[in-house]
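Read through the structure below, which is laid out as structure tokens, and then see the notes.
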Amino acid sequence: FKELFMRFCHACTMPLNDQTENSKAKNFCKHCADADGKLQPREQVQKGVAGWMTEWQGVDFETAMKRADHFLKAMPAFAED
């Protein structure tokens, strides 16, 4: 299970097995990590996830931001207890 989990970004679930999505960070994709491999601020990742949701789910950006907020709370990088 751990091996499978490690193949996905811990912030957005982007698959990391494709070299085009990898970053300098072990557990984050190029969309969620900066050039040094550090996790981007939550707000920036949320906007990226919301942008993806507007295309994928066909919702407006405000709705997508709310959904992205809920989504990120379940991700290891941003988990809330």
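None of the figures in this text is laboratory data; all of them are computed from the coordinates on show. Worth saying up front: this structure is predicted, and the values here are computed from it rather than measured.
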**Fill in**
Full extension between residue 62 and residue 47 adds, at 0.36 nm per residue less the Cα distance, a length in nm of 4.4 nm
**Item:** Nonlocal amide H pairs with residue 33, under 5 Å, H built at 1.01 Å
**Value:** 40
**Item:** Relative contact order of the range 34-81, defined on C-alpha pairs under 8 angstrom at six or more residues apart (%)
**Value:** 29
